[in-house]
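Participant: Can you read through this structure? Questions will come right after.
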Amino acid sequence: SYRVAAARSATLEQRISDDPSTFRVLTGDRPTGTLHLGHYFGTLANRVRLQRTGMDVLLVIADYQVITDRDSVGDLRGNVLGIVADYLAAGIDPAQATIFTHSAVPALNQLLLPFLSLVTDAELRRNPTVKAEADAATGRALSGLLLTYPVHQAADILFARANLVPVGRDQLPHLEATRTIARRFNDRYAGGQEIFPVPDALLTQAPLLLGTDGTKMSKSRGNAIELRASADDTARLLKRAKTDTDRTITYDPVARPEVANLLLIAALCTGQDPEHLAATIGTGGASQLKATVTEAVNEHLRPLRRRRTELAGDSSHLLAVLREGNARANALADVTLDRVRTLMAMTY
Ligand code: ATP
Ligand code: MG
């Protein structure tokens, strides 16, 4: 559950500061659009921080997962390169991190076959995030790929033998599935030996940032503030963000989730605490709150946005980064798959 994962994240932070060299990070994003504030505060800023401790960081751009809940891949190439630009603009160092698309790594995808044998139909169907995503794709029947994508994510994580996965709260059920798959594989084929480490989720202070409509900020829901948005667009989007009618601004995530969410965004951008910001705004109401958040976001993202504009104009550089990452990921995946096939007696 969320409480357990949040407590676990605090313990992990201690272990990370004790010895970062015992961790390898894998996480990623669906190329269904460009990255937004939810990504940034939920996982991207954390990835940059972890990379700066010297950790090995792998970032998957999950291109096959675009078609879990839609019939078309959309502007896939543009979205993939846009996400590479977001990563680099946020401070991911391509010389150190491995950025790859999972479609370019066949051995990773082959792990899906043994992994699917380790989960039951009932386990797949009770995953709450899959249920929520299936409900969000209104009018669509649940595709086999949507039902099984948490297993595909297990392959994304385990092919690299990663043990640390900085993600948002919606990913916790999938991380649980990955942990189960790692344990079952180790038990069934390796006599309990740790062929696959059992990875941990790492949450931030903003594990579930809300969008302008008060539901999870998502690329697919039209409620996001993109990292690349202009200062004016940011102001326009925040102006119509859902709040409430109480003119006295207080930080109360349970009773006033939308107001608290805006305060949290401003707090994360400025390094102040949200209660203090609420007190500063006082009886200024939603308009004063939104002005404060807009200023904080635009100020905090200014350098990132400047870098991103430069990067976006150099698609050959972005492609070169991706090709290099794909080559590294393939080398790693080939080793893992060889090991798996050997353990499964599939050597001829
Ligand atoms: P889509 O709507 O296409 O699924 P998304 O906005 O949900 O897009 P993903 O690519 O599915 O983004 O998620 C990538 C990572 O970002 C995951 O680790 C996810 O938990 C995290 N993340 C996404 N949205 C949020 C959010 N609103 N708050 C915190 N973390 C988030
Ligand atoms: Mg998502």
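Coordinate-derived values only; no laboratory data. What you see is a predicted model, and the numbers here were worked out from it, not measured in a lab. We place every Cβ from the backbone using ideal geometry, glycine too, and count neighbours over all the protein chains shown.
Participant: State the extension gain, in nm to one decimal, for the chain segment bounded by ARG125 and THR248, taking 0.36 nm per residue of separation less the distance between their alpha-carbons. Walk me through the intermediate numbers first.
Facilitator: Details: separation 123, 0.36 × 123 = 44.28 nm, distance 4.36 nm.
Length difference between fully extended and current span is 39.9 nm.
Participant: Taking the chain, how many lysine pairs are there with alpha carbons less than 18 Å apart, if each pair must be eight or more places apart or span two chains?
Facilitator: 7
Participant: Work through the residues other than ALA266 whose Cβ is under 11 Å from its Cβ and net out their charges, Lys, Arg +1 and Asp, Glu -1. Write out the running numbers ahead of the final one.
Facilitator: On the way: positive: LYS290; negative: ASP273, GLU295, GLU299.
Charge balance near ALA266 sits at -2.
Participant: What residues have an amide H closer than 5 Å to that of LEU210, excluding those fewer than 5 places away on the same chain, when H is modeled at 1.01 Å from N in the peptide plane?
Facilitator: Distant-sequence amide H within range of LEU210: MET217.
Participant: Calculate one ³J(HN,Hα) per residue across the stretch 201-214 by plugging θ = phi - 60° into the Karplus curve 6.51 cos²θ - 1.76 cosθ + 1.60, and present them in order as whole Hz with x for glycine and proline.
Facilitator: The phi angles translate into 7, 10, 9, 10, 5, 10, x, 8, 6, 8, x, 5, 9, x Hz.
Participant: Any idea what the relative contact order of the chain is, in percent, if you count C-alpha pairs under 8 Å spaced at least 6 apart?
Facilitator: Details: 528 pairs, mean separation 80.5, N = 348.
It comes to 23 percent, rounded to a whole number.
Participant: Right, next: Give me the Å³ per residue figure for the convex hull around the C-alpha atoms of the stretch 269-327.
Facilitator: Working: hull volume 6.7 nm³, N = 59.
Given the Cα convex hull of the stretch 269-327, per-residue volume reads 114 Å³.
Participant: With both bridge residues required to lie in the chain, what share of the DSSP beta bridges run antiparallel, to the nearest 5%? Before the final figure, lay out the partial values.
Facilitator: On the way: 2 of 16 bridges.
DSSP beta bridges in the chain are roughly 10 percent antiparallel.
Participant: List the residues whose amide H sits under 5 Å from the amide H of ASP56, counting only those 5 or more places along or on another chain, with H placed 1.01 Å from N in the peptide plane.
Facilitator: For ASP56, whose amide H was placed from the backbone, the distant partners under 5 Å are VAL25.
Participant: Considering amide H positions built from the backbone, and no H for Pro or chain starts, which residues 5 or more places from GLY28, or on another chain, come under 5 Å of its amide H?
Facilitator: VAL60
Participant: What number, rounded to the nearest 500 deg cm²/dmol, is the helix-based mean residue ellipticity at 222 nm of the chain, given -39500 (n - 2.57) per DSSP H run of at least four residues and division by all its residues?
Facilitator: Numbers: 14 runs with 186 residues, N = 348.
Taken over the chain, the calculation gives -17000 deg cm²/dmol.
Participant: With helices defined as uninterrupted DSSP H runs, which ones in the chain have an alpha carbon span along their own long axis of at least 18 Å and mean Kyte-Doolittle hydropathy of at least -1.0?
Facilitator: 2-18, 76-90, 144-158, 172-190, 257-270, 285-312, 315-343
Participant: Got the relative contact order for the stretch 229-312 handy, in percent, Cα pairs under 8 Å and 6 or more residues apart?
Facilitator: Numbers: 85 pairs, mean separation 27.4, N = 84.
After rounding, I find 33 percent.
Participant: Which values of log₁₀ I(q)/I(0), to two decimal places, follow from the Debye formula for the chain at q = 0.07, 0.14 Å⁻¹ with a uniform point scatterer at every Cα?
Facilitator: Here log10 of I(q) over I(0) equals -0.30, -1.20.
Participant: Lys and Arg at +1, Asp and Glu at -1: add these up for the other residues within a Cβ distance under 14 Å of LEU35 and post the number.
Facilitator: Working: positive: ARG30, ARG47, LYS219, ARG228, ARG305, ARG307, ARG308; negative: ASP29, ASP86, GLU226.
Once positives and negatives cancel, what remains is +4.
Participant: Can you bin the stretch 155-303 into rounded, prolate or oblate? Criterion: square roots of the alpha carbon gyration tensor eigenvalues sorted a ≥ b ≥ c, rounded for a/c under 1.5, prolate for a/b above b/c, oblate for the rest. Before the final figure, lay out the partial values.
Facilitator: Working: a/c = 2.97, a/b = 2.52, b/c = 1.18.
Here the stretch 155-303 falls in the prolate category.
Participant: When a/c reaches 1.5 or more, the comparison of a/b and b/c decides; with that in mind, is the stretch 90-157 rounded, prolate or oblate per its Cα gyration tensor? Walk me through the numbers before you get to the answer.
Facilitator: Working: a/c = 2.53, a/b = 1.53, b/c = 1.65.
Oblate, since a/c reaches 1.5 and b/c is not below a/b.
Participant: At what distance in nm do the modelled label points of LEU145 and ARG221 sit from each other, each positioned 7 Å from its Cα along Cα→Cβ?
Facilitator: 2.3
Participant: Now for a separate question. For the stretch 229-312, what value does the Rg/Rh ratio take when both radii are computed over Cα atoms and Rh is the Kirkwood radius, given to two decimals? Write down the numbers at each step before the final one.
Facilitator: Numbers: Rg = 13.3 Å, Rh = 13.1 Å.
Looking at the stretch 229-312, the ratio lands at 1.01.
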